[in-house]
Amino acid sequence: MTVIVPFWVTLEAVGRANRRRGQIDGRSYVLGAWVFAIYIFGVFHFTGAGTLHDILRLGLSLRDDQANLQFLSDYMIPSEYALNVVLFLPFGFLVPLLWPKANRLPVIVPAGFAFSLLIELSQLLNNRASDVDDLLMNTLGALAGFLLFRAAFFGAAATGQGARAERLQARESAVKHEPLLYIAVMFLGRFLLFNEVGLWGMLP
C-alpha cells in the first residue's frame with residue numbers, strides 16, 4: 001500500500017494532465033505502467049530498501065562491513081552477479097517501451113545506475129550491506145534489458161508485428177521524466193510510511 005497507492009495517485013494525475021492536452025492514454029500504456037509499478041515494488045521488496053523507520057530503530061551509525069567499495073570482490077559468487085543482472089533486465093526493457101524519449105542508450109544506462117544507487121544507499125539505513133558490485137551488475141542488467149528491447153522492437157517491426165509497440169512509442173506525456181517521477185513517489189511512500197518491524201508486531 002505504501003508503494004502502490006502513491007503510484008496510483010500519480011498515474012491518475014499524469015493521465016488528467018495528458019487529457020487536458022487532448023491525449024488519452026490507451027489501455028496498453030496503462031497496463032504497461034502498472035507492470036512497471038509492480039516491478040519497481042518487487043525491486044524495493046527483494047532488495048530491502050531502507051526506510052525512515054529503520055533510521056528511528058537503528059540510528060544512523062554504520063558498521064565497518066556494511067559497505068564494499070572493491071569491484072569484483074573475491075567473496076561474490078557468479079550466481080549473485082547473475083541475479084543482480086537479471087533483476088534490472090525489466091528496467092532496461094520497460095522504460096524505453098513505455099516512454100519513447102528514454103529510448104536511448106545515454107538515458108537508460110545512467111537511469112539504471114541512479115536507480116541502483118538509490119537502493120544501495122538506502123540499504124545503509126538498515127542491517128543490509130551496500131556493494132559496488134551490485135551497482136555495477138544492476139547497471140549492466142539495465143543495459144542488457146535495453147539491448148533486448150531494441151532487438152525485440154526492431155525484430156517485430158521487420159516482421160510487420162510491431163503495431164502495438166509503435167503506438168506506445170508514439171505517446172507523448174505532459175510530464176517530463178515520467179518514469180523517474182513514478183520511482184520517486186513509490187520510494188518516498190515506502191521510505192516515509194513502511195514499517196516492517198511494526199507490521200510484524202501487529203500480527204498475532
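What follows draws every value from the coordinates through simple rules; no lab data is involved. Because the structure is a prediction, the values reported are computed rather than measured. No Cβ is skipped: glycine too gets one built from the backbone with ideal geometry, and neighbour counts run over all protein chains shown.
Once the Cβ-Cβ distance of R20 and L193 is raised to the sixth power relative to R0 = 41 Å, the FRET efficiency obtained is 0.85.
Spacing of the modelled spin labels on S28 and H177, each 7 Å from Cα toward Cβ, amounts to 2.8 nm.
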